[in-house]
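This report concerns only the one structure given below.
Taken together, the values in this text are just the output of simple stated rules run on the coordinates, not laboratory data. Owing to the predicted nature of the structure, the values given are computational and were not obtained by experimental measurement. All Cβ positions, even for glycine, are placed from backbone atoms using ideal geometry, and neighbour counts span all protein chains on display.
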Ligand code: SF4
């Protein structure tokens, strides 16, 4: 007989370590929203921008007869990918290596930052140009590079605005959505060396000012850092999708290219791009096709960067993958459609989420990557509650991520992880009442006592905490004298129902004749 | 048909007129009503707030009270409660229930309907002989719209009401900001959403804003009452139950109309 070997309990994969990167704000969502809601300019900018993009998206998704089938295909491909992520990543590594690239694995943001820093240092450069990338923002790469004496220049126009203003992005796709033209002109006048002091706020002039500034960076910086929208396991091909062409400059001009890609961005086959290159631009910018789609495979002698490094980033993704329900969130292609349709995002803005990933998907993915610390005021614990569960995000999502259900799931995980709270006790008490019909009926009678606290007009205008936020802008009707069941049991109820039945029978007989009465 | 009526805890306790109207309406259409007296609450508030163990007895209670095979359909005047039964009871039963509960839930789920979908899909009626000579605007409520996909059904019912002046609500599909405990935990964001909804509602000049869910109406109506708007909220069932012989009389203050 063989002795059983104790293998130990499988440990839960690590989340993104607390206190690193940009996956946790410094205050809870309601507190942050409290301030953001007072910013009238932000509300107007956001309202205008989200409404415009919603209309564009609906127009270009509505015109495709197979849009729903595309969404299903996108969802199926992503689900299949997540189900065999390890094997696909190894295939990707093999193919990239075969094509002359070097693959690095980073457990978390700190490891990825160290790898990128070392690679930049090896080139001897103290500057990098950057393609707009969520992954590098998530890990705080720019800040880390700055600490090591390396200056990172953002080249995406909106990212440049955010960087020059020493601000934080507030939208996945339009990081400066919270800024309008006049604000941008001021940022450029203060931040771009040698800019025309007479610069006005005509969009074309603003773009020209940024172009002149960036052109010089493209031509003189030997290292670029990018993210990736897709990584194809079958061929080792990486892809970046963008609108301005600045990404294309970064991906082709420098000698060294370092790409940081979240491990969930892998796709099995080259042909899968057929689905995603339709889903992504239509969902994100409302365009039929984005202006620039760059695809590269390793290194091509004499053409483009001669050194290519791919950094595969986990940073909590394996932890999300281990969650049978929550793993759906990894299917996200960062199109931002869910942000643009979200009524909560529209009011509170992206900064209120405190994370690189705002909006509905941010409320789901941020706690999954970085965890919800059980301490009551971890900002991430407030994110799953920052939704009315209205479902607009689910309808808009090109890969059909059921965000409302994921939010409910994360709320459950949160309440399971916390100890006894006042809310939990109240919920238990409510369930205990509702679970016993006799007690429920007694409580219902007691609710009638609510009439006592109501004013003479039958309104309750002030409620104690935690309900004071509700009563600040809403009246609550006093409970009625009689519940429905009391009415039903009364002689009045019985006769009302009898009368209704008789009246109905009479009208049916008049209208249809007696034969059809049963219909 | 033999119909099980689920009053919902909110309807039974705070908004009984909407449930009364539902009962009267179904009786008028010639159906037999069953009201299992031990019914209480669907547990939606618990699940939506993150509690799934606590509502197990509620989910079991619902399955038991309406499981009786002689009840052909379970009808409720609430899109979100119907949504909870159809989408959340299974999740709770799967996680914390036993095989019997899972089977019971599957049985009742299959015959559970929100009022407007029951009328249009199951009974196949749109004109139910209602009379309501007022200007009305309809707010579709998120769970009716996107969870149950009731689509145009409530509007088809309203369009068939005699003498109604039905006006379209701008940005109707936008959430009113209620979201259950959202309105408490994120009261300020909720209020900002409510303000926009109220602006659209009052802009229609309607005397009545209707919907298929007393909870959203409590929210919108509570806000309209606070700003002393001229528009009242009224459950869809109450408009449909109003007839020439017994017409609904609009009360003078908005909050009275909510129940
Ligand atoms: S969750 Fe869906 S809609 Fe939101 S950004 Fe991701 S892919 Fe787009």
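Could you tell me the relative contact order of the stretch B:135-257? Use alpha-carbon pairs under 8 Å, at least six residues apart, and round to a whole percent.
26
Given points 7 Å out from each Cα along the Cα-Cβ axis, report the residue A:288 to residue A:219 separation in nanometres with one decimal.
Placing both labels 7 Å beyond Cα along the Cβ direction yields 3.6 nm.
What is the protein assembly as shown by shape, rounded, prolate or oblate, if you read a ≥ b ≥ c off the alpha carbon gyration tensor as root eigenvalues and call it rounded for a/c under 1.5, prolate for a/b larger than b/c, and oblate otherwise?
prolate
Nearest-5 percent of antiparallel DSSP beta bridges in the protein assembly as shown? Don't jump to the answer; show the numbers that get you there.
Details: 13 of 57 bridges.
Around 25 percent of the beta bridges assigned by DSSP in the protein assembly as shown are antiparallel ones.
Find how many whole Å separate the alpha carbon centroid of the stretch A:178-218 from the alpha carbon centroid of the stretch A:221-297.
That distance is 27 Å.
State whether the stretch A:29-320 is rounded, prolate or oblate according to the following rule on the C-alpha gyration tensor (a ≥ b ≥ c being the square roots of its eigenvalues): a/c under 1.5 gives rounded; otherwise a/b larger than b/c gives prolate, and the remaining case gives oblate.
Cα axes put the stretch A:29-320 in the oblate bin.
Given points 7 Å out from each Cα along the Cα-Cβ axis, report the residue A:417 to residue B:70 separation in nanometres with one decimal.
Calculated label separation equals 5.0 nm.
Return a whole-number percent for the relative contact order of the stretch A:279-436, with Cα pairs under 8 Å and 6 or more residues apart as the contact set.
21
Report, in degrees rounded to the nearest 10, the 0 to 90 angle that the Cα long axis of helix A:491-512 makes with the longest principal axis of chain A.
Its long axis makes an angle of about 80 degrees.
Roughly speaking, what is the centre-to-centre gap between the stretch B:163-230 and the stretch B:48-125 when only Cα atoms are used, to the nearest Å?
27
Averaging sequence separations of C-alpha pairs under 8 Å and six or more residues apart, then dividing by the length of chain A, give the relative contact order as a whole percent.
In percent, rounded to a whole number, it is 21.
State, to one decimal in nm, how far the label point of residue A:195 lies from the label point of residue A:269, with both points 7 Å from Cα in the Cβ direction.
4.8
Would you mind pulling out the separation of the Cα centroids of the stretch A:43-86 and the stretch A:306-376, in Å?
About 16 Å separates the Cα centre of the stretch A:43-86 from the one of the stretch A:306-376.
Counting only other chains, what is the mean number of Cβ atoms within 10 angstrom of the Cβ of each residue in peptide A:346-356?
Shielding by partners across A:346-356 averages 2.
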